[in-house]
Amino acid sequence: MPQNHPTADTDRIAAAAARLREAAATGTPAAPVRDLIGRDDVEAAYAVQERLAAERIEAGATVVGRKIGLTSTAVQQQLGVDQPDFGFLFDDMEYAHGSVVPADAILQPRVEAEIAFVLGADLADGPLDHAQVREAIDHAVAAIEICGSRVADWDISFGDTVADNASAGGYVLGAQRVPLTGFDPVAAEMAMTVDGETVSTGSGAACLGDPVNAVVWLARQARELGEPLRAGQVILSGALGPMRPVTPGAAVHATVTGLGTVSVTFSA
């Protein structure tokens, strides 16, 4: 059977989805799925992601937004890609500011601080350029993304992380909501601490030059795939500094200038 035979592709996608599904169900990270779908086959990786997302929706979960990953040049170079990626945010992935995340909720958790945008208008029509996207954003808010990997030891290629819903685990939004008329995402400075020690710093400029640029990229990708961004959705625009691992009992606190603070604790 030829390598690119549609049935073979479908079988490999199904097998990759099954491997990641089993890891999530059992709480035991699995081997990477790149042996099945390749390291950088974008189409196959998103096909796995969409299959798993459809299963979650069928089981009752609701899509509340998207996350954008790989917005830093350094991380792109590390994975050998030249573009960001994205995953779905579901209603059961949000944790309240100041809350406690159960120890078994997210596999191999790592945290990163970023700017989240909440949309006030759909991004389905028009040029989807910077001006339109900026206008569609209702407000910005400081966020902690809790990344999680169903792949053992975070041994991921681009294909692995995309298939695994862009390594999305959960997220926390701060309490301060600021319209873009009073906030410059590019100039924002971020500092994140774990147990009081500063572990990550960065700025808005580290996220594709402007976090709004990341939303422009996402809006175009989402529309192309037939699932445009909608009013009310939360968009995690990408890390402003390095992602860091956390252990049980860790207290994470992030500050983004102009947006205040956001914090979360992991149960022991």
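The values are calculated or read from the model by the stated rules, or taken from the named source; none is laboratory data. Computed from a predicted model, the values in this text were never measured in an experiment. Using ideal geometry, Cβ is built from the backbone for each residue, glycine included, and neighbour counts are taken over all protein chains shown. With ligands, DNA and RNA removed, areas are computed over all heavy atoms of the protein, side chains included. Shrake-Rupley method; radii C 1.70, N 1.55, O 1.52, S 1.80 Å.
Could you give the length gained by full extension between GLU22 and ASP195, i.e. 0.36 nm per residue of separation minus their alpha carbon distance, to one decimal place?
Full-extension gain reported as 59.0 nm.
Note down the magnitude of the dipole of the stretch 75-193 about its Cα centre, charges +1 on Lys and Arg C-beta and -1 on Asp and Glu C-beta and zero elsewhere, to the nearest 20 debye. Numbers along the way, then the final one.
Numbers: 4 positive and 20 negative charges, 57 e Å.
It works out to roughly 280 debye.
I'd like to check one number: the per residue accessible area of the chain, probe 1.4 Å, reported in Å² as a whole number. Intermediate results must be reported in sequence, preceding the final value.
Details: 11390 Å² over 268 residues.
Value for the chain: 43 Å² per residue.
Subtracting the Cα-Cα distance from 0.36 nm times the residue separation, let me have the gained length for GLU224 to VAL42 in nm, one decimal.
Difference between extended and current length: 64.1 nm.
Summarise the accessible area of the chain (1.4 Å probe, protein heavy atoms) by the percent that is carbon and sulfur.
50 percent
Expressed in nm to one decimal, what extension gain is obtained for the pair THR247 and GLU94 from 0.36 nm per residue of sequence separation less their Cα-Cα distance? Display every interim value, and only then the final one.
Details: separation 153, 0.36 × 153 = 55.08 nm, distance 1.92 nm.
Computed gain between THR247 and GLU94 is 53.2 nm.
So how do 164-173, 241-250, 36-45, 50-59 stack up, highest first, on mean other-Cβ count within 10 Å?
In descending order of packing, they fall as 164-173, 36-45, 241-250, 50-59.
Could you tell me which of rounded, prolate or oblate describes the stretch 51-190, using a ≥ b ≥ c as the square roots of the eigenvalues of the alpha-carbon gyration tensor, with rounded for a/c under 1.5 and, failing that, prolate when a/b is larger than b/c and oblate otherwise?
Note, shape of the stretch 51-190 comes out rounded.
Cα-based Rg of the stretch 115-265 per 2.2 N^0.38 Å, rounded to two decimals?
1.05
May I ask for the distance between the Cα centers of the stretch 169-242 and the stretch 45-65, given as a whole number of Å?
Cα centres, the stretch 169-242 to the stretch 45-65: 22 Å.
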